[in-house]
1. Among 77, 42, 29, which is under 19 Å from residue 104 (Cβ atoms), crowded, with 20+ Cβ neighbours inside 10 Å, under 9 Å from the mean Cα position of the chain (by Cα) and not small (Gly, Ala, Ser)?
2. Just to verify a result, which residue in the stretch 1-15, among those that are open to solvent by 50 Å² or more (accessible area, probe 1.4 Å) and over 25 Å from residue 98 (Cβ atoms), is farthest from the chain's Cα centre (by Cα)?
3. Tell me, which residue of the stretch 61-74 that is within 17 Å of residue 105 (Cα to Cα) and hydrophobic (A, V, I, L, M, F, W, C) is most open to solvent (accessible area, probe 1.4 Å)?
4. Could you list, in sequence order, the residues of the stretch 58-76 that are part of a strand (DSSP E or B) and more than 15 Å from residue 41 (Cβ to Cβ)?
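The values are calculated or read from the model by the stated rules, or taken from the named source; none is laboratory data. Because the structure is predicted, anything quoted here is derived from the model rather than measured. Cβ: placed from backbone, ideal geometry, glycine included. Neighbour counts: every protein chain shown. Heavy atoms of the whole protein, side chains included, go into the accessibility calculation; ligands, DNA and RNA do not. Shrake-Rupley method; radii C 1.70, N 1.55, O 1.52, S 1.80 Å.
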Amino acid sequence: MVNNPKGDLFVGNGVIMTGTVTVPGLAEIDGAFEGVLKAQSINVTSHGVVNGTTEAGHVRVEGKVNNTLKAANTLLIESSGKVTGDISYADLEIRRGGDIQGSITIINK
């Protein structure tokens, strides 16, 4: 057993999870999540889909995030990533092919 004091969450491909979840470490979504997801860092893989409220210091999107996203520090949208809805971030990077649509707010650091 690995001693991980932060506590991470992994939602595997094909898994559908709903609810309100707070993760002290990394939340990696390779399946589907619907609800409220708060974490230190969130990674949405190319198969991952998040619908609802997503909040983290650092967010990386290869899949899809819909509705409300708040990245207190960094938001990275990879070439396959798509983010739609109410989006706020302190620092943004979009790879060629990545897509962002909606209401966008820059957070002052």
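1. 42
2. If we take residues in the stretch 1-15 being open to solvent by 50 Å² or more (accessible area, probe 1.4 Å) and over 25 Å from residue 98 (Cβ atoms), then 1 is farthest from the chain's Cα centre (by Cα).
3. Restricting to residues being within 17 Å of residue 105 (Cα to Cα) and hydrophobic (A, V, I, L, M, F, W, C), the top hit is 72.
4. Residues satisfying the conditions are 64, 66, 67, 68.
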